[in-house]
Amino acid sequence: MGTLTMKFGGSVVGTPAALKQLVQIVQQEHQARGKLVLIVSALDGITDQLHDAIQQALLDNRRGYRRIAANLRTRHLALINQLSLGDIEQRSLEADIDQLFFDLLALCQKLAETTGDVPMNDTMDAILGFGERLSARIIAAFLRQHGLRGVALDATHLIVTDDVYGNATPDMELTRKRVEENLLPLLERGIIPVVTGFIGATKGGKPTTLGRGGSDYTASVISAIIQAEEVWMWSDVEGMMTCDPNIFRQAKVIPELNYEELAEMAYFGAKIIHTKMIWPLREHNIPLRVRGVFTTEARGTLVHANANTDHNPIKAVTAIQGIGLFSERSGTLVEITQLVDTLLFDVLGTRAEVTISAQSASRSFICFVIPTSAGPEAVRTMHAELSQKLNNTASQSHWETQPVSIVTVVGSKLDTQAGITAKVLQALDGIRILALAQGPSYCSLSVVINPKMMRQAIEKIHALL
Ligand code: ASP
Ligand code: MG
């Protein structure tokens, strides 16, 4: 049997109960296959707090970042205390953790002390990546406690990236060499590497991160290089769901998807998967399973090239928040697109990934998606900033802004399946549609609507499944 890659998300590495499940899963698969690679995220919420620490350091608020670091340290030590590790293991782990916090504070201080235009992006990425370095050490120690040969491995020694800090892309060839040097020998010796997700380093060794949610990407890059047999993504949900269960309780697990359908789902708001992770897997034809650590008896979702698409062509319905811009004129959209994109980056530190635009002889409409990773307040903040900016910009056309929801139907061959578009539009009868877009891969159909109608739209489309 080949190597299995298992990625454990932030929701399942932060409590003793979840870690016990993790150990059981690892024990079982290690016995069955021998070769395992683990990729781990930071504990839930830690990366957000590290982000806050960076903001405090940039404001030169030393008490601010020290308080955050102290809280983070307490949370990790409290977790360790609940794991009943042996004395020696516990002491050495605590020493490791203290060293990491010492380094973290030094980096924050460096950030606080630097003035002027010195770019500090690598320092910020170094800080953002501490959560994964902490969790990998804790998990490796817990595996050893259970007789498994776990070793924590910082992906700065594996994943070689470009220097787009905050959203770096791995260089597959350079990464391959590092993986062959630093990871494969461990596997040969029966060791279970516990690799930090999310982080990498440039060729010159400067720390980078792969974008929020990037641990998935780490798992897929490594899997492509080692030609893993499968990738399993573990979290606290049972699999990919037909819609967000927080929005509509009737959501069900989707048994099978192909890579394109998964990509559309991720792109249009299914939070549990990072969009960029899908292509390396598809290229190397590596199946992906999405599974829940508290529901190990269930099979979860299997993603592979020949997923069963015979029955209902509609697989899921997703929703994502955005900002719509309307103008009573028709003209070039370039200027306004650039304005919004720059503003998004300045205000939220993120770029708009999906844009839907429509134009008639007398009206223009553009819709920008605010990524979910930008946080719950992002739409409001962005809306306020944008309205203000547009008022102050002497532009030919007058633009009005309003928050919108983009509800997307995901499935296969939506263009050729009889009447799907008609059925969806019929289901949405009574809900005003501001714009409509079909994905070029024919795997998605999106409608832009007022956010107040989102839940209703999802329920109505879900009834078609
Ligand atoms: N911890 C990182 C984040 O919160 C990466 C990940 O969890 O995938 O974005
Ligand atoms: Mg994630």
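Derivation of every value follows stated rules applied to the coordinates shown; laboratory data play no part. It should be emphasised that the depicted structure is a prediction, and the values quoted were computed from it without experimental measurement. So basically every Cβ, Gly included, is an ideal-geometry build from the backbone, and we count neighbours across all protein chains shown.
Relative to the longest principal axis of the Cα atoms of the chain, the long axis of helix 334-348 makes an angle of roughly 40 degrees. Peptides 50-58, 450-458, 322-330 ordered by packing proxy, namely the average of other Cβ atoms within 10 Å per residue, highest first: 50-58, 322-330, 450-458. Cα axis of helix 16-33 to longest principal axis of the chain: angle in degrees, 0 to 90, nearest 10? Rounded to the nearest ten degrees, it is 80.
Rounded if a/c is under 1.5, else prolate if a/b is larger than b/c, else oblate: which is the chain, with a ≥ b ≥ c the root eigenvalues of its Cα gyration tensor?
oblate
Here the sum of -39500 (n - 2.57) over DSSP H runs of 4 or more residues, divided by the residues of the chain, equals -13000 deg cm²/dmol at 222 nm, to the nearest 500. Of the trypsin sites (Lys or Arg not before Pro) found in region 212-253, those in coil by DSSP whose Cβ has at most 15 other Cβ atoms within 10 Å are 249, 252.
If you filter region 218-273 for GluC sites (Glu not before Pro), then keep DSSP loop positions with at most 15 other Cβ within 10 Å, what is left?
On the way: sites: 229, 230, 238, 256, 260, 261, 264; in loops: 229, 238.
Here the GluC sites (Glu not before Pro) that fit, given the DSSP loop and packing criteria, are 229.
Ordered by the number of other Cβ atoms lying within 10 Å of each residue's own Cβ, fewest first, 128, 148 fall into the sequence 148, 128.
Scaling against 2.2 N^0.38 Å puts the C-alpha radius of gyration of region 4-236 at 0.98. Cβ crowding within 10 Å ranks 350, 47, 381 as 381, 350, 47, fewest other Cβ atoms first. Return the subset of 7/271; 7/276; 35/252; 35/276 for which the Cα-Cα distance in this structure is over 21 Å, preserving the input order. Cα-Cα > 21 Å for 35/252; 35/276; rest within. Over region 356-459, the fraction of Cα-Cα pairs per 10 Å bin, rounded to whole percents and listed from the shortest bin up, is 12, 38, 34, 14, 2.
Label separation (residue 52 vs residue 305): 4.7 nm, computed from points 7 Å beyond Cα along the C-beta direction.
Candidates 165, 352, 207 compared by Cα position along the dipole of the chain: farthest toward the positive end lies 352, with charges placed on Cβ. The C-alpha atoms of the chain define a longest principal axis, and helix 378-392 lies at about 50 degrees to it. Report note on the peptides 333-345, 193-205: ranked by the mean count of other C-beta atoms within 10 Å, highest first, their order is 193-205, 333-345. The packing ranking of peptides 434-441, 138-145, 361-368, 155-162, highest mean first, is 155-162, 138-145, 361-368, 434-441, where packing means the average number of other beta carbon atoms within 10 angstrom of each residue.
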